[in-house]
Amino acid sequence: MIDYANIPSPCYVLEEEKLIRNLELIDSVQKRAGITIILALKGFAMFSVFPTIKKYLPGTSASSLFEARLAREEFGGQLHLYCPVYPEKEFPELIEGATHISFNSLSQWEQFKEKTLLTHISPGLRINPEYSPVETEIYNPSSPLSRLGIRAKVLGDKLPEGIEGLHCHNLCESNSQALLNTLEQIEKLFGHHLPRIKWLNLGGGHLMTAKSYDIEHLIQVLISFKNRYPHLDIYLEPGSAVAWETGILRATVLDLIETPGPLMKSGVRSQKSEVVFETGIYPPTQKLFALKGQVLDPIFLIIAMLDVSFTAHMPDCLEMPYKPRIRGAREPQAKEPRYRMGGLTCLAGDVMGMGDYYFEKPLKVGDTIIFEDMMHYTMVKTSMFNGVKHPSIGIVNRNGIFNLVKEFDYQDYKNRLS
Ligand SMILES: Cc1ncc(COP(=O)(O)O)c(C=O)c1O
């Protein structure tokens, strides 16, 4: 059992054993299906664990100059590049050491064709399969007005001279059926190009390390596709799946703020003045917040003010939107008192807006809050908005020992600003 009380707060804490478990599973998929799986740095780029990841995955995919530099400096191996648009000035440095590159448009391919063909990098085009199971618009790469990937009509019947591969990314935390649908759509719209290319990169969004994922079906889908196109090298480049459920964000309750609580729809005020729990008594709050003309739910809502921020440290909770599990808490049932998690920036909406939590034991200042599954798309997306301290980063190794990898200080904040 990890003793979180002895870990600094706030802190992202990776559990090495869980990462290795994911990597072993991903490795078994690539071996059994006869494909190659690389790490998408945009989802997870905690490079102190790259030595572990490298034992299983032969490379990375990068979507910016800095990701490419990090890949070269800290990972090595295959480097697949895909940027929605390549800046002319960065291109020569960007492609150093790359093995594959995908262009988002025919015009970008035209612009960089000469420079690319002078190297050994294998060029490809990102296609838009005009299908995605992703319903959250901000995460749907194939929405009708998407700027990502070339549509079949635009690409036409013939691939441009020199193109050796196709790249398709249209999934997000998706299952193997979504991959099967994608492959069918690729064959329908782009099937005539497949005999002429050497590789097909099927992007990320394959959540193969999730408990509910049907690994056997994934392998069967990939093998059956490979049987139809045995000449193709197939790549997957997941980010989330690598770091899925491998660690937490440890936070602390700094203050508790009472609110009037949600209004009752029925308009009936309960006579109860206190709510009794197994482990404590919550005080009545409706008296405190009886606003004129409003009928208040006696079941109160308290905001737990934390030493972390949703907008700065867990942006997916606002963007996706996504509600993380909190250890020891659960969904509140009707009439149960609830806690809303609040961040420490001044943004009015810096709260876990996707819903509240019920805690068996009333929270108190100083309590530890553990947000589950906080490794992917957190550290790579965080900001220092409002000058709030960035959570530290640490690893619990296989022996259960905690190592602090990184702490942030005032200079990290200041250096970004002038
Ligand atoms: C081109 C590309 N490849 C790979 C990924 C990684 O996806 P995921 O982390 O969902 O597996 C993304 C995510 O946005 C992407 O845009």
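Structure notes:
- Evaluation of R327 against (1) at negative phi; (2) touching a Leu at 6+ places or on another chain (Cβ under 8 Å) (one fails), failing number: (2)
- Lone qualifier among L19, L81 - being buried (at least 22 other Cβ atoms within 10 Å of the Cβ) and within 14 Å of the ligand (Cβ to nearest atom): L81
- Contact map, the range 42-53: first residue outside any loop (DSSP other than H, G, I, E, B), second residue of a type in the set (V, I, T), Cβ cut-off under 8 Å, separation 6 or more or different chains; pairs are S48/I393; S48/I395; S48/V405; V49/I395; T52/I20; I53/V242.
- Residue within the range 386-404 that is among the polar types (S, T, N, Q), closer than 13 Å to S309 by Cα and more than 16 Å from the ligand (Cβ to nearest atom) present: yes
- Any hit, the range 68-77, residues being more than 21 Å from K31 (Cβ to Cβ), within 11 Å of the ligand (Cβ to nearest atom) and not polar (S, T, N, Q): no
- Pair list, Cβ under 7 Å, 6 or more apart: the range 66-85 residue within 25 Å of S146 (Cα to Cα), other residue charged (D, E, K, R): E67/K42; H80/E237; Y82/R126; P84/R147
- Where strands (runs of 3 or more DSSP E) fall entirely within the range 227-333, those with at least 1 residues that are farther than 30 Å from T182 by Cβ and either in the same structural domain as K364 (by TED's automatic domain parsing) or at pLDDT below 95 (or both) are at 247-259, 301-306.
- When L189, L166 are checked against the criterion of being crowded, with 20+ Cβ neighbours inside 10 Å and either out of contact with any strand residue (DSSP E or B) (no Cβ under 7 Å at 6 or more places or on another chain) or more than 17 Å from V221 (Cα to Cα) (or both), L166 stands alone in meeting it.
- Lone unmet requirement of (1) among the small types (G, A, S); (2) within 16 Å of the ligand (Cβ to nearest atom); (3) at pLDDT 95 or above for G162: (2)
- Every listed requirement among (1) at pLDDT below 95; (2) in contact with a Gly (Cβ under 6 Å, 6 or more places away or on another chain) is met by Y4 save one, (2).
The values are calculated or read from the model by the stated rules, or taken from the named source; none is laboratory data. Keep in mind that what you see is a predicted model, and the values were worked out from it rather than measured. A quick note on method: Cβ atoms are made from the backbone with ideal geometry, for glycine too, and the neighbour counts reach across all protein chains shown.
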